[in-house]
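Contents: one structure, followed by commentary.
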Amino acid sequence: MFFAAGGGGRPGDTDIPLVSALDVTTFAAWARLSGRVPRIAVVEGPCFAGNAVVAGCSDLVVATPRASLGMGGPAMIAGGGLGEVSAAEVGPLDVMTANGVVDVAVDEDDAVEAARALIGYFLGDEDSWEVPDQTPLREAVPDGERTSYELVPVVETICDEGTVTELRPDFAPELLTALGRIEGRTVGVIGNDTRHLAGAITADAGDKAARFLQLCDAHGFPVVSLVDTPGMMVGPDAERTGLVRHTSRLLVAGARLQVPMIGVVLRRGYGLGAQAMLGGSTHQPLMTLAWPGAHLGAMGLEGAVRLSMRRELEAIEDEAEREQQVRELTAYAQAHSAALNVARHFEIDDVIDPAETRQVVAALLAAAARDGRLVGSGRPVDTW
């Protein structure tokens, strides 16, 4: 745990002769620990320059409302001719949670306890746990594909009681990342939050998820991926964000996982987005499961119908008749892409009762542990 605070190095404030002062080993030594030991930074006030680098190189950052993070403080900003700002204005907490720099925001009195809880995930299995009632999972996901729902309660139900910590909730909220425990074992959870952009994977979501997978892989946390996505975000505005590169990070990170991933398709598993959530393929995870109401396909079903049957639909002059044909064809496509049919073709491993999700995941993780597959890779974790 590193309490990162202060304005950085002060010129001339040394007890030995220095010129550039660029030969200090602090930053390289701290960065070299990436992937080897857990590093939690706690920021409770102004934190600039070298102090901010210490926070930025950490695995996880906890911050309070008094925190202000930046690569330069007020003096450096003024010295660079960029105007006068107060310390609180440089990088306030609301900015740093929205842009993903801060992982966990807490009140001032809770900072140490939050950091202690995060370190606890890295310290091994717990011997006792409480199991939430699993039956609410049967009603957790609405039938209609266009109805959103809260994902956090699903995660909290699958995991041990009171063990879930969501990371970066205000950054790319369409993609959930969280640490939790299942039968005392630490797991990483990623999932599509349909309340935001219908759960589509954006450039920021790709970065958020890829970095989280690296963190889990480095430290030996198996991954549970809860899939409900229409696919990658599309459109000219999305492409201006560097979508192609950023979302591809998720595929690279998933393909390199040394720890097991278990995929659970809650409702929609469409296109490249679903493949990215599953490490690149429905066959990439240790096991890919689906809930009974789930559908999987190369793209959203209505869009697929309109694209594949474009000429036939254009030949229907009456608009009402044309849309009726779209509905009928979409219903047919939906029946064909139902999870049970996908499983019949061996494209996923099983369709399960939602209330059995935790039980199945726990059994798979126990089997993987006996096989020695829960050892972390020790590879460095990107700061982003």
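The values are calculated or read from the model by the stated rules, or taken from the named source; none is laboratory data. Every value quoted in this text rests on a predicted model; they were computed, and no experiment measured them. Cβ placement follows ideal geometry from the backbone for every residue including glycine, while neighbour counts extend to all protein chains displayed.
The C-beta contact set for segment 121-139 (first residue closer than 10 Å to residue 160 by Cα, second residue small (Gly, Ala, Ser), distance under 7 angstrom, 6+ apart or interchain) comprises 129/184.
Here residue 288 clears all of (1) over 19 Å from residue 201 (Cα atoms); (2) in contact with a helix residue (DSSP H, G or I) (Cβ under 8 Å, 6 or more places away or on another chain); (3) polar (S, T, N, Q) except the condition numbered (2). Each residue in segment 106-124 was checked for being part of a loop (DSSP other than H, G, I, E, B), modelled with pLDDT of 95 or more and not hydrophobic (A, V, I, L, M, F, W, C), and 1 of them qualify.
Only one of the numbered conditions (1) in the same structural domain as residue 218 (by TED's automatic domain parsing); (2) surrounded by fewer than 14 Cβ atoms within 10 Å (Cβ to Cβ) is violated by residue 137, and that is (2). Picking from residues in segment 251-291 that are within 22 Å of residue 362 (Cβ to Cβ) and touching a Phe, Trp or Tyr at 6+ places or on another chain (Cβ under 8 Å), the one that is surrounded by the fewest Cβ atoms within 10 Å (Cβ to Cβ) is 259.
Going through (1) crowded, with 19+ Cβ neighbours inside 10 Å; (2) more than 30 Å from residue 339 (Cα to Cα); (3) of a type in the set (Ser, Thr, Tyr) one by one, residue 128 falls short only on (1).
A count restricted to segment 28-59 and to residues that are closer than 20 Å to residue 376 by Cβ and in a loop (DSSP other than H, G, I, E, B) stands at 10.
Residues considered: 370, 311, 379, 358. Of these, the only one that is at pLDDT 95 or above, over 27 Å from residue 229 (Cα atoms) and not β-branched (Val, Ile, Thr) is 379.
Conditions tested, residue by residue: (1) among the hydrophobic types (A, V, I, L, M, F, W, C); (2) under 21 Å from residue 235 (Cα atoms).
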{"position": "163", "(1), (2)": "no, no"}
{"position": "169", "(1), (2)": "no, no"}
{"position": "174", "(1), (2)": "no, yes"}
{"position": "189", "(1), (2)": "yes, no"}
{"position": "202", "(1), (2)": "no, yes"}
{"position": "208", "(1), (2)": "no, yes"}
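Could you grab me the full set of residues in segment 222-250 that are surrounded by fewer than 20 Cβ atoms within 10 Å (Cβ to Cβ) and within 14 Å of residue 280 (Cα to Cα)? The answer is 248, and nothing else.
Let's see how each residue does on (1) in contact with a Ser or Thr (Cβ under 8 Å, 6 or more places away or on another chain); (2) more than 16 Å from residue 348 (Cα to Cα):
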position: 212; (1), (2): yes, yes
position: 238; (1), (2): yes, yes
position: 244; (1), (2): no, yes
position: 258; (1), (2): yes, yes
position: 263; (1), (2): yes, no
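Close Cβ contacts (under 8 Å, 6 or more residues apart or on different chains) running from residues in segment 179-190 that are farther than 18 Å from residue 59 by Cβ to residues that are surrounded by fewer than 23 Cβ atoms within 10 Å (Cβ to Cβ) and of a type in the set (Lys, Arg) comprise 182/358. Counting residues in segment 95-103 that are free of Cβ contacts under 8 Å to residues at least 60 places away in the same chain and surrounded by 17 or more Cβ atoms within 10 Å (Cβ to Cβ) gives one or more. Within segment 242-288, the set of residues being in a helix (DSSP H, G or I) and of a type in the set (A, V, I, L, M, F, W, C) comprises 243, 244, 250, 251, 252, 253, 255, 272, 274, 276, 277. Beta carbons closer than 7 Å, at least 6 apart along the sequence or on distinct chains, never pair a first residue in segment 275-297 that is acidic (Asp, Glu) with a second that is buried (at least 21 other Cβ atoms within 10 Å of the Cβ).
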